[in-house]
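Data block below; observations after.
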Amino acid sequence: MVKSWEGKIIRSDIIRGHLDSIILRLILEKDRYGYEISKEISVRTNDRFRIKEATLYAVFQRLNRKELIESYYGSITHGSKRKYYRITPLGKAYLHEIAKEWQETKEIIDLFMEGL
Amino acid sequence: MKTLKQLVDKLFKDVPESEEKRVIKQEILENLEEKVQDLMAQGKEEEDAINKAIIEFGDVDEIKQELMQKTFPPKKNMSKVNLGFSIWGSLLIISLFVFANFYYTPKEIWFVYPTFVVLWWPLSMLFIWLRSR
């Protein structure tokens, strides 16, 4: 969910298209587990964007299938093992590619959105 | 936290049983439990915290879709093979008509009619193949 400047909740299709990169970026910084990632997203965006858990796990599945991330079980916390995710070399390459692409896209869209 | 487990079970009840399903349910349950504990640490009642976590969970269909995709890999494109098969098959059938025509009734040419009927087969396969390219 994204709150626009009016405070209304708006559809966030544009962000949804970049969820893979957002999550890859967070895992690139360090290995993380599910709840940590959703919390980190809320904290960094100052609660302006919140990822739904359902979406998050769907992204994990997808990234895993594309072999951009891999998972492993960490040490025992709260009586059970946490499932951590780590980025693969392929995932790093992909993320860098996407980051470049995003810069391009942003420049192009900015040409039309700035100065209004 | 028994109720959370029941809720996760309910979310996934129409997904076919698999090792993957078990793993992802376990993962989701653990993360939800942590979220609930976090919310309670912020001063929420347990019931409120659980409700909030469930409401914020979102649409489980997204996960289902991903799980299904894994079990059913995308179909291989068979249209080229189908086209080849239809061409060879129709040629065989047409040559049977030609043979029957000239062997039994050489004075009357009728094999053209069934030939037109049979040609729909490779023709339709050709267009399916063209579209899939």
In degrees, nearest 10, range 0 to 90: what is the angle between the Cα axis of helix A:19-29 and the longest Cα principal axis of chain A?
60
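Specify the longest stretch of chain B that does not include any exposed loop site, a site being one of the GluC sites (Glu not before Pro) with a non-H, G, I, E, B DSSP assignment and at most 10 other Cβ atoms within 10 Å.
Between the exposed loop sites, the longest stretch runs B:46-107.
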Which links in A:Lys83/B:Lys64; A:Lys39/B:Lys21; A:Lys83/A:Lys106; A:Lys81/B:Lys44; A:Lys100/B:Lys76; A:Lys30/A:Lys106 stretch past 28 Å when you go from one Cα to the other?
A:Lys83/A:Lys106; A:Lys100/B:Lys76
Given R₀ = 45 Å, what would the calculated FRET efficiency be for B:Trp121 paired with B:Gln65, taking r from the Cβ atoms and rounding to 0.05?
0.80
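For segment A:2-113, report the translational diffusion coefficient in µm²/s to the nearest whole number, using Stokes-Einstein at 4 °C, 1.567 mPa s, and a Kirkwood Rh over Cα pairs.
The estimated diffusion coefficient comes to 85 µm²/s.
Which residues make up the longest stretch of chain A clear of GluC sites (Glu not before Pro) that lie in a DSSP loop with no more than 11 other Cβ atoms within 10 Å, not counting the sites? It would help to have the intermediate numbers written out before the result.
Numbers: sites that count: A:Glu6, A:Glu114.
Longest gap between qualifying sites, sites excluded: A:7-113.
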Let me see the P(r) profile for chain B: every Cα-Cα distance counted, bins of 10 Å, each bin given as a percent of all pairs.
10, 23, 14, 11, 11, 12, 10, 6, 3, 1
Label point at A:Lys106 placed 7 Å out along Cα→Cβ; residues across segment A:43-63 whose backbone nitrogen lies under 18 Å:
A:44-46, A:48-49
What number in nm² do you get for segment B:79-132 if you take the convex hull of its Cα atoms and divide its surface by four?
3.3
Quick one: ranking B:Leu83, B:Leu7, A:Leu111 by accessible area, 1.4 Å probe, largest first, what do you get?
A:Leu111, B:Leu7, B:Leu83
Across the residues of B:36-48, average count of Cβ atoms on other protein chains within 10 Å?
0
Could you check which residue among A:Leu26, A:Leu63, A:Leu90 shows the biggest mean-square fluctuation in a GNM of chain A with a 10 Å Cα cutoff?
A:Leu90
With every protein chain in place, what's the accessible area of A:Asp13 (1.4 Å probe, Å², nearest 10)?
90
Taking segment B:35-111, which trypsin sites (Lys or Arg not before Pro) meet the DSSP loop condition and have no more than 16 other C-beta atoms within 10 Å?
B:Lys44, B:Lys75, B:Lys76, B:Lys107
Area projected by the alpha carbon convex hull of the protein assembly as shown, averaged over all directions, nm²
22.6
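The values are calculated or read from the model by the stated rules, or taken from the named source; none is laboratory data. Model, not experiment: these values are computed from the prediction. Using ideal geometry, Cβ is built from the backbone for each residue, glycine included, and neighbour counts are taken over all protein chains shown. Just so you know, the surface numbers come from the protein's heavy atoms only, side chains and all, with ligands and any DNA or RNA stripped out. Shrake-Rupley method; radii C 1.70, N 1.55, O 1.52, S 1.80 Å.
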